[in-house]
1. Going by the structure shown, is B:G77 touching a strand residue (DSSP E or B) at 6+ places or on another chain (Cβ under 6 Å) and exposed (fewer than 14 other Cβ atoms within 10 Å of the Cβ)?
2. Quick test of your reading of the structure: A:A16 fulfils all but one of (1) without any contact (Cβ under 8 Å) to a residue 24 or more places away in the chain; (2) more than 10 Å from every other protein chain (Cβ to nearest Cβ). Name the failing condition by number.
3. Can you name the residue in region B:46-96 that is acidic (D, E) and more than 30 Å from A:I22 (Cβ to Cβ) and, of all such residues, is nearest to the other protein chains (Cβ to nearest Cβ)?
2 protein chains.
Amino acid sequence: MLRELNPLLHSELRLAIMSILISVESADFVYLREQTGATAGNLSVQIDKLQQVGYIAVEKGFNGKKPRTTCAITEQGVAAFTEYVDALRSYIGKGL
Amino acid sequence: MLRELNPLLHSELRLAIMSILISVESADFVYLREQTGATAGNLSVQIDKLQQVGYIAVEKGFNGKKPRTTCAITEQGVAAFTEYVDALRSYIGKGL
DNA sequence: ATAAAGTAGTTTATTTTATAAACCAAATTT
DNA sequence: AAATTTGGTTTATAAAATAAACTACTTTAT
């Protein structure tokens, strides 16, 4: 009846990152920090985790002279996110 | 855009407890343990937390000679749960 | 009657996670 | 050239989740 919630996605910040990336092709570190309101440290850690499990792809390059970290969701990430959302349904019912 | 998720409800087990209690008038400890698959220790702790913030009411009585802990969601709990679900929508899109 | 096992939990300890604080390197501003 | 800002990472601390151990009975078997 109640499905299991992927603990990697069941975290406000990681969920926010995924939620943004699923609708946006790609986003850089600064944009994600602004949109989520997270501290840079926390964001850095959580991006790392999502990358390590293959839910997002991270590219480090430069924007002129400034470092620039760009993130994009992967196929695996889309699948995991979709399943997470589906599992959530078992908790919150249709009516709500 | 992305709403904040009540951290008290953003926990798989506490969410499960609330999800069950919102549709059931009342449920006892054993039923909750069975339905959630949680260990008794974890369940005990999380029930305590939900009670301390007033989201559920806990009654300790006896069923014959056996101790019996009964839980029910409160009005506050319903409100909090409803708002949590609403906030979730900002992360997962219309699909829900 | 008593030892063994089961029920219904709570408390304490351990592990995991999240968050914040401190730091680094380079670029920009004053 | 000092101070500040940008774009992060690393390390330390706080908070959570989980498991293990324990309490206090009750039931069953011997």
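What follows draws every value from the coordinates through simple rules; no lab data is involved. Remember, it's a predicted structure, so these values are computed and weren't measured experimentally. When we count neighbours, we look across all protein chains shown, and the Cβ atoms used for this are built from the backbone with ideal geometry, even at glycine.
1. No: the conditions fail for B:G77.
2. A:A16 satisfies every listed condition except (2).
3. B:E75
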